[in-house]
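Report on the structure given below.
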Amino acid sequence: MTTAKIVISPEEPIAIINPNIQGHFAEHLGGCIYDGIWVGEESTIPNIDGIRTDVVEALRRLRPPVVRWPGGCFADDYHWRDGIGPRAERPRRVNLWWGETIESNAFGTHEFLRFCNLIGAQPYICGNVGSGSPRELRDWVEYCNFPGESTLALERGANGSPEPFGVQYWGVGNENWGCGGSFCPEDYGAEYKRFATYLRGFGDTPLYLIACGPSGNNPDWTRRFFDKLGRFARINGFAAHYYCRTAGTATEYSTDQWYELLHRALRMEPLVVQQRAILDGYDPERKIGLIVDEWGTWHPPTPGRHPRHLWQQNTLRDALVAAMTLDIFQRHADKVVMANIAQTINVLQAMILTDGPRMLTTPTYHVYDMYQTHQGGQSLRTRFEADEIVFSLEGNAARLPGLSGSASIKDGILTLTVVNAHATSAIEADVALRQGAWSGGSVITLTDDDIHAYNTFEAPDALVPVEAPSEVHGAQFRHTFPPASVTAFRLRVA
Ligand code: AHR
């Protein structure tokens, strides 16, 4: 094998990486909200106003920029008034999409905004288009944001929050091609205009309105939606969804299935490039931000768990999917303004798993921790040259880059993140900086001899990153990237 090359070009800045690219998503689904975030003030599990203290502390560490809530499919069957006022009087509803679980509404608008405040994230509320009305959604905005003395603002005060919440990000429906109303793009375009017409910024809070984009990289939805939208300008973001459906199960997979899932993760790159190119045709000045507000791995139901609660383990393979996807967003910092991994706790590609009073952080969590210094950095053009991995996909030979990653610089610190997707081979690479020089820093590595490694409640630190000082000086160094690894360098640059 030849020595691989990584060449970083500070003279080719791409764009500032929007911190919102490392955003989150929490839905009323399975154990995400109840047990995962909300245990109630009476719980023996330590909590702050009903919200788990351990979860707050773990999430705060990641500097989460934004959390999307309450769904997902749940959003288009959620009526916000159910979740305000005295908890004992809130109605109990059936969660239609997620196992017909009884929704107590104990966690509503105030609780969500308290949670965001505790973890230091901006809220992103997804409104109900499918079974709601423009009036219901405009009232929710007024309830949250109006600074004056309207009946809704006074009601917010009576419910404990006299100051406006200042919620900026509002989604106008979720997956409106499916669970959000089964619309065709033209009908959703018409509904979007009807709803958005009545959504207004109040006080110091301008609204950032987000329209539902396609399932995956579907150009048809995007073109037909924007054709229908015409010159209507009350739109700030357009959000696609993309999930990597499993090869194998969450914890059991062959080496080819390891590669297959990583290969699927790479489909995010054409999605971002092609969807942005279509948007550019309608919005050449890029006033409308491309968002991916649901993404992640989606494995088959875990035996012994409710199949509609989407609980799944999270292995080293998921960590590599997270790393490769964040690297794609960071390489395309000029195109992507926000992304929200699905979902924060106990659902799909979670950061955190809980079991009663116990909590663990997943390998995906550790990737977010390792990548946090990219937030707000200047993304730099970076070339990765390594032998491709050839593997068997449905009987044919398929290829995957051996090394991939991204680089950014902020406050004199260069962050370089690199994935070695090879299941068994280390890759030695020369890492070069085309302008300036390094003067030491640190290197953090997440890897394991077993590509199936994951954390359990009995061994919550089985798979954690290892940090070491890095003594690299000058403009070039050689590094060996272990097989199946994610590496983050944080190096001072002069
Ligand atoms: O994240 C789980 C579900 O996936 C969401 O509710 C929905 O929007 C998507 O289909």
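Structure data summary
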read-out	value
Cβ-derived FRET efficiency at R0 51 Å, Asp355 paired with Thr3, nearest 0.05	0.65
Per the chain, cysteines lacking a partner by the 4.7 Å Cβ criterion	Cys32, Cys116, Cys126, Cys144, Cys184, Cys212, Cys244
Phi-based couplings in Hz for segment 393-401 (Karplus 6.51, -1.76, 1.60; Gly and Pro marked x)	10, 6, x, 10, 7, 10, 10, 9, x
Label-point separation, Glu100 to Glu155 (7 Å along Cα→Cβ), nm	3.1 nm
Summed residue charge, Cβ within 9 Å of Tyr282's Cβ, Lys/Arg positive, Asp/Glu negative	-2
Prolate/oblate/rounded call for segment 124-215, Cα gyration tensor, a/c under 1.5 rounded	prolate
Over the chain: helical MRE at 222 nm, DSSP H runs n ≥ 4 each giving -39500 (n - 2.57), nearest 500	-7000 deg cm²/dmol
Karplus-derived 3J(HN,Hα), 6.51/-1.76/1.60, for each residue of segment 2-7, Hz, glycine and proline x	6, 5, 7, 9, 10, 10
Net +/- balance of residues flanking Lys228 in space, Cβ distance below 13 Å, scoring K and R +1, D and E -1	0
Cut-off under 5 Å, modelled amide H: who pairs with Val472 long-range	Gly440, Gly441
Of every Cα-Cα pair in segment 17-376, the percent that sits beyond 24 Å	55 percent
Pairwise FRET efficiency - Arg60 versus Arg194, Cβ, R0 = 35 Å, nearest 0.05	0.35
Qualifying lysines (Cα of each under 25 Å from Cα of Lys228; at least 8 residues distant if same chain)	Lys193, Lys287, Lys335
Amide H contacts under 5 Å for Glu428, placed H, 5+ residues apart	Ala4, Phe481
Cα-centre dipole for segment 73-180 with unit charges at Cβ (Lys and Arg positive, Asp and Glu negative), debye to 20	140 debye
Surrounding net charge for Ala426, when Lys and Arg each add one and Asp and Glu each subtract one, Cβ distance under 14 Å	-3
Extension reserve of the Glu89-Ser254 stretch, reckoned as 0.36 nm per residue once the Cα distance is removed	54.3 nm
Charge dipole of segment 2-82 about the Cα centre (unit charges at C-beta), most positive-ward option of Gly72, Ile21, Ile8	Ile8
Placed amide H near Ala15: partners under 5 Å, 5+ positions off or other chain	Ser379
Residue among His263, Trp140, Phe112 farthest towards the positive dipole end of segment 17-376, charges placed on Cβ	His263
Backbone N under 20 Å from the Asp450 label point (7 Å along Cα→Cβ), restricted to segment 251-284	251-259
Relative contact order [Cα under 8 Å, 6+ residues apart], the chain, whole percent	19 percent
Low-density loop positions, trypsin sites (Lys or Arg not before Pro), segment 46-107 - DSSP coil, at most 11 other Cβ in 10 Å	Arg92
The chain, dipole about Cα centre (Lys/Arg Cβ +1, Asp/Glu Cβ -1), debye to the nearest 20	1100 debye
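Every read-out reported here was derived from the displayed coordinates using simple, explicitly stated rules and does not represent laboratory data. In this text the structure is predicted, and so the values were computed from the model without any measurement. When we count neighbours, we look across all protein chains shown, and the Cβ atoms used for this are built from the backbone with ideal geometry, even at glycine.
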